[in-house]
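Before any comments, here is the structure.
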Amino acid sequence: MNSIQAGLTESQQAALRSSSLFNDDLAPVPVERRKWRVGSFAALWISMSACIPTYMLASSLVDPKIGMNWWQAVLTIFLGNLIVLVPMILNAHAGTKYGIPFPVYCRAAFGTLGANLPALLRALVACGWFGIQAWIGGDAIYKIVLALGDWKHVPAENWFGINGGQFLCFLLFWAVNIWVIYRGIDTIRFLLNIKAPLLIALGLLLLWWAYRKAGGFGPMLSQPSAFEPGQPKAGQFWAYFFPSLTGMIGFWATLSLNIPDFSRYAKTQRDQVLGQALGLPTTMALYSFIGVAVTSATTVIFKETLWNPVDVLTRFDSHTVLITALISLCIATLATNIAANVVSPANDFAHLAPRLISFRVGGYITGVIGVLMMPWKLVADPSGYIFTWLIAYSALLGPIGGILIADYFVWRKRELNLAALYRANGEYRFTGGFSIVALIAFVAGALPNLPGFLVHVKALSDDSVPKLLADLYHYAWFVGFIVAFVVYLVGRKLAVAPAR
């Protein structure tokens, strides 16, 4: 067994089964089950990147009144994904080497109990994304029903900010997600196998339709950005670019942390590195181009900018085409939701009480919180989608990424005591189960972004916060990552270090 395939023997796992920190879902993956090669990781990222939020991510940047032109938007997304690929590959290393999931990986830096902080923050973000995907699927069902005829027996009054029909369709699609969680991993694998080609085909068909209706790529991609001379925001490109770039990084900042949940199944480090490098930036660039092109075309075709593909599909005259497309969208959205937004939080919630919470129960918890977060409000408008949702949570996840990489690569030189990660009284207990250094570094990384966030959500007035502090929020992921990285290493050197 080489160092990349290090793991616990069956006798070691048996000895740890009595530990409160151990269950079968959190245990290191045995060497014989680590079979993912380059193609597996590329397929994973193709499947997860080809999704409606990716389309909306790109299309939200090209509103001619406030945004970029098509190539600026695609380049911003591609650059953001190249940047986030770096922590993605680095954090994946521990999963591949030791076969451990994200919450267990966090124990080395945050402590055996302190690891619940990054796990829960990551889980709550996933709950938000679970809700967003469920809302997209439910909205598609709602549009299908409207296409078939008027609803006469469904309440039309406002329910939590949406009408009764929309809310019931949302709950219906949400229930299908919960049913898939109950069915287990085989159903999830089946959905992923059909999802990627289905949604890519749907995106290309939309692109072909837009090309024909708009009169070619020339008219489609001729929309100027809002920052060109004579446009509404002339000369303000960089003030829009950097917050947008931060939002693009925030889009996959979640997976850049919990990638060990997937890389623990990798055969070698080469497989996870090449697979992710091939699958993530390329698919995001392709699907974002589809989103940008079709959205730009809607400005030409309908004289208004439609950033949600469901709204575009409802403009089709053929009920057969509309229903087929929206059903395909529902299936693809379901597969993305389960893979990207259930696997990680299920493990994260299980980490709270490994003896009581299984993967399946963790998935149910994710679903319930996803409803309570009212996801239709998170995607109500393009500006809120990027500047409130994506940047806000990147302000929390950036510091976690900085701490994990500083601990694993710099402080520990990629060496972990695997058995001790599962012992309540082992070397990763620190102070009562918490690493004070990691907690201080996390607060130090997140705190500089708080004033800007409060200004952005109007909890504080613009005049009450110095402009420098307010502007830091636009670079939230970078600020949080760098500050936490440095503070963590300084703190480790100053503290009385535990046995390594």
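Key figures for this structure:
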item: Mean ellipticity per residue at 222 nm, deg cm²/dmol - from DSSP H runs of n ≥ 4 across the chain, formula -39500 (n - 2.57); result: -21500 deg cm²/dmol
item: Point-charge dipole on Cβ atoms (K/R +1, D/E -1) for the range 20-175, about Cα centre, debye to 20; result: 500
item: Violating pairs (Cα-Cα greater than 26 angstrom) within the set LYS467/LYS493; LYS213/LYS233; LYS65/LYS213; LYS303/LYS458; LYS267/LYS413; LYS377/LYS467; result: LYS467/LYS493; LYS213/LYS233; LYS303/LYS458; LYS377/LYS467
item: Burial ordering of ASP471, ASP271, fewest other beta-carbon atoms within 10 Å first; result: ASP471, ASP271
item: The range 351-419 versus the range 434-462: alpha-carbon centroid distance in Å; result: 16
item: Lys, Arg +1 and Asp, Glu -1 on Cβ, resulting dipole of the chain about Cα centre, debye, nearest 20; result: 1180
item: Sorted by Cβ density within 10 Å, fewest first, the residues SER461, SER20; result: SER461, SER20
item: Centroid-to-centroid separation of the range 267-283 and the range 311-340 [C-alpha atoms, Å]; result: 29
item: Least to most buried among VAL342, VAL31, VAL180 (fewest other Cβ within 10 Å first); result: VAL31, VAL180, VAL342
item: Positive-end residue, the chain charge dipole about Cα centroid, Cβ charges, pick of GLN231, THR305, VAL490; result: VAL490
item: Among PHE242, LEU286, LEU352 - extreme Cα towards positive end, dipole of the range 228-368, charges at beta-carbon; result: LEU352
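Bear in mind these aren't lab numbers, they're just calculated from the coordinates by the rules spelled out. Worth saying up front: this structure is predicted, and the values here are computed from it rather than measured. Positions of Cβ are generated from backbone atoms using ideal geometry, with glycine treated the same way; all protein chains shown enter the neighbour counts.
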